[in-house]
Amino acid sequence: MTSPFNKYDASNLDGSKSKNSNKVQKLLLPLLLLLISVTLALGLGSVYIPFSEVLYCLTEQCSSPINSMIVQDIRLPRVLLALFAGAGLAVAGAVLQNSTNNSLADPYLFGIVSGAGLGAILYNVLNIQLGTIGMSLFAFLGALLSVTLVMSVAISKAYKKTETLILTGVAVSFMLAAASQFLLYVSEPMAANRIIFWLMGSVAFANAESVTWVSTTVITSSIVLWLLRDNIDALLLGDEQAKSLGVNVDLVRILALLITSAMTAIIVAFCGGIGFVGLMIPHIIRWFGFVKMRQLLPMVFVVGAVFLIWVDVIARVSIPNQEIPLGVITSACGSLFFLLILKRRVS
Amino acid sequence: MFDKSILPTTPLFKLNGVCWNLASKDILKNISLSLPRNKIIGIIGPNGAGKSSLLKAMHGQIKTSQGTVDFNDQPILQYGLKDKAKQIAFIEQLPELTFDLSVYDAVLAGRLPYQGLFSFSNSSDKNRVLSALEKMELLDKVSQPFNTLSGGEQQRALIARSLVQGATTLLLDEPTNHLDIRHQLELMQTLQEFDGSVIMTIHDLNMASHYCDYLILINEGEVVKYGEPKEVLNAELISTTYKVETVVKESSLGTPYLYFCLAESDPINSAEPINSAEPINSASLLTLQSNNND
């Protein structure tokens, strides 16, 4: 007699709507997309470099030293920085959403980006000389300040209400942005100019150091969050149910918030304020039926990376000899997306 | 923490002078009970009597202001979260999930007590989930979002989770709420077949009479009566506690069957009668299916 279980393909049990495919297959298309995006993005910009030439340049067989410099020294760090920043912000969004059981949570709407921005500006304005670590540390402390403020206002059961959490996040965001603007106002004009462009988000200043910092943080944080995945998902059942299943709800949530704050802070320290990636990407991925961290996390990592690589391409090719800050583009898309979500909710 | 040497005669729960107050209102007043294992025990009482609070106190979810709750001869508050979860499954009134978790994932969560902070489910967990879902006749719904199941199916899925959890004690808060009669009966049947102890709050006194081995009648935070349905479902006690007229008859199965109506002297009856029927007397009492919806 055949077991009744034979009727059900075990690989379909993870909640995905796409049947007859396993986890690796599901990731294959986005990974391929990422690979193509990286290669194409290396060729696109004020100087167009054909696809084949990009491949030669990556293998040290470039036809001209100028092309080699453009691909390897200018565009590669930039594309890599966009890749890891996009991946990190999307992962941060997904983790914030699952750990607060709130589909509108996002590092930007949570005030984490403003907090990290304030920390980084404070570091610049005070002219502290501690190197890259100092700037990252200040950004992290700023991010921590905003998370603490948001969570202490929207405490206990209140954050389950989407509106409470979002409104608290927006209020904290405004408060910290006001502090940042004040600091910029009183600081010397040149520094202010530099900081304003950075605040709007950019990967234009990418170099080996920034790529190393951001990639290491994003990869490490994502691995730790991946290991925490079942406990983070337990919070989707609601706090009381999770507790009755033996989950230390407070510890898991604090760990998830700390890790996402640290990751966002490092991204903000090097790339400035890039909003809404964490809101949009996990939402889009969930439409395909990926809800639990097990499938959500790898998918948002790859898709977030692809997204920001292309945003950066648009930023540098849309206006000749000029760059649009990344944050301007992501916020424009993100706010429209936010309105779309609200409209869907209402209807 | 589960002690194999626990005797079958050891009480499952022992409550000793349990008091709890919230915002200076006494919710539970000096409750002392000793509950046997492997039985179905119903907690009954009017709205606001403290039924859910009593259940939560047993589960150690609330810190009582006085008295102790022992589970298997050990204070419930001393149990670690995971140890407790391996033995007791607490099923609240049906949760509405924010995200579309599948039935499989909702049931798989029952393995959480066996996982550490950085560990996750494995293939043997998958088999446990499938066999529990088969037992609860939900195998065909395994990939569906939990939120799309009917109330009865959701309750069965949560019981499947407690099987996966390995719990031998089920605490259920109004499990028959929002279920139609057929689903209520199916659920009670499932609970009867559960291999362990079941304690639940329940509104339907006839359902409680039929399926529960023992009943705890509480009112205003105090135990009015604890015992077998025949002792607890006494016309006078129910009339006083619920402020209704009650007649108790014996059902064909030998369990008490209750009929209710509002008393003639009830203030609500002094208003104009809705129809010109004869004054209600105990012989013509309407059988009222107790309404579960608060």
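Quick look at the numbers
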| item | result |
| --- | --- |
| Length released on extending from A:Ile314 to A:Leu130, taking residue separation times 0.36 nm less the Cα-Cα span | 62.8 nm |
| Whole-number percent relative contact order across chain A, with pairs defined as alpha carbons under 8 Å at least 6 apart | 29 percent |
| Taking region B:1-95 and dividing mean pair separation by its residue count, relative contact order in percent (alpha carbons under 8 Å, at least six apart) | 32 percent |
| Inter-part distance where region A:195-226 and region B:82-138 are each reduced to a Cα centre, Å | 37 Å |
| Exposure proxy ranking, count of Cβ atoms within 10 Å, fewest first, for B:Tyr104, B:Tyr257, A:Tyr185 | A:Tyr185, B:Tyr257, B:Tyr104 |
| Label zone at B:Lys230 (point 7 Å along Cα-to-Cβ), backbone N below 16 Å, region B:241-263 | B:248-258 |
| Paramagnetic reach from B:Glu96 (point 7 Å along Cα→Cβ, amide N under 15 Å) across region A:74-117 | A:102-103 |
| Segment B:Glu134-B:Asn16, extension gain: residue separation times 0.36 nm, minus the distance between their alpha carbons | 38.5 nm |
| B:Cys19 long-range amide H proximity, modeled H, under 5 Å | B:Asn30, B:Ile31, B:Ser65, B:Gln66, B:Gly67 |
| Average beta carbon contacts from partner chains per residue of A:243-253, 10 Å cutoff | 6 |
| Free-standing Cys residues across chain A, given no other cysteine C-beta under 4.7 angstrom | A:Cys271, A:Cys333 |
| Pairwise label distance in nanometres, A:Trp287 with B:Gln66, each label 7 Å out on the Cα-Cβ vector | 6.0 nm |
| FRET efficiency for B:Glu220 and A:Met175, using Cβ-Cβ distance with R0 set to 35 Å, rounded to 0.05 | 0.15 |
| Chain A: most fluctuating residue of A:Gly142, A:Gly238, A:Gly111 per GNM, C-alpha cutoff 10 Å | A:Gly238 |
| Rounded to 5, the percent of DSSP beta bridges in region B:13-231 classed as antiparallel | 55 percent |
| Whole-Hz ³J(HN,Hα) from phi, Karplus 6.51 cos²θ - 1.76 cosθ + 1.60, for region A:295-303, glycine and proline x | 9, 5, 4, x, 5, 5, 4, 6, 5 |
| Cross-link partners of B:Lys243 among aspartates and glutamates (Cα-Cα below 19 Å; sequence separation of 8 or more within a chain) | B:Asp204, B:Glu220, B:Glu222, B:Glu231, B:Glu264, B:Asp266, B:Asp294 |
| GNM flexibility winner over chain A from A:Ser187, A:Ser63, A:Ser210 (Cα, springs under 10 Å) | A:Ser63 |
| Förster radius 60 Å - calculated FRET efficiency between A:Arg345 and B:Glu250, Cβ distance, rounded to 0.05 | 0.65 |
| Computed label-point distance, nm, for sites B:Asn127 and A:Ile219 using a 7 Å Cα→Cβ extension | 3.7 nm |
| DSSP beta bridge pairing in the protein assembly as shown, given as percent antiparallel to the nearest 5 | 60 percent |
| Per-peptide average of other Cβ atoms within 10 Å, ordering B:129-141, B:239-251 highest first | B:129-141, B:239-251 |
| Inter-label distance, nm, simple model (7 Å from Cα along the C-beta direction), B:Ser119/A:Leu167 | 4.4 nm |
| Residue-averaged [θ]222 nm for chain A, counting only DSSP H segments that reach four residues, each worth -39500 (n - 2.57) | -23500 deg cm²/dmol |
| Average other protein chain Cβ within 10 Å of Cβ, residues B:84-92 | 3 |
| Amide hydrogen neighbours beyond the local backbone of B:Lys225, cut-off 5 Å, H modeled | B:Leu217 |
| Amide hydrogen neighbours beyond the local backbone of B:Ile43, cut-off 5 Å, H modeled | B:Met200, B:Thr201, B:Ile202, B:Ile216 |
| Relative contact order computed over region B:13-231 (Cα-Cα under 8 Å; 6+ residues apart), in percent | 30 percent |
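Every number in this text was worked out from the coordinates using simple rules, so none of it is lab data. All of these numbers come straight from a predicted model, not from anything done at the bench. Neighbour counts are summed over all protein chains in view; Cβ atoms, including those assigned to glycine, are modelled from backbone coordinates with ideal geometry.
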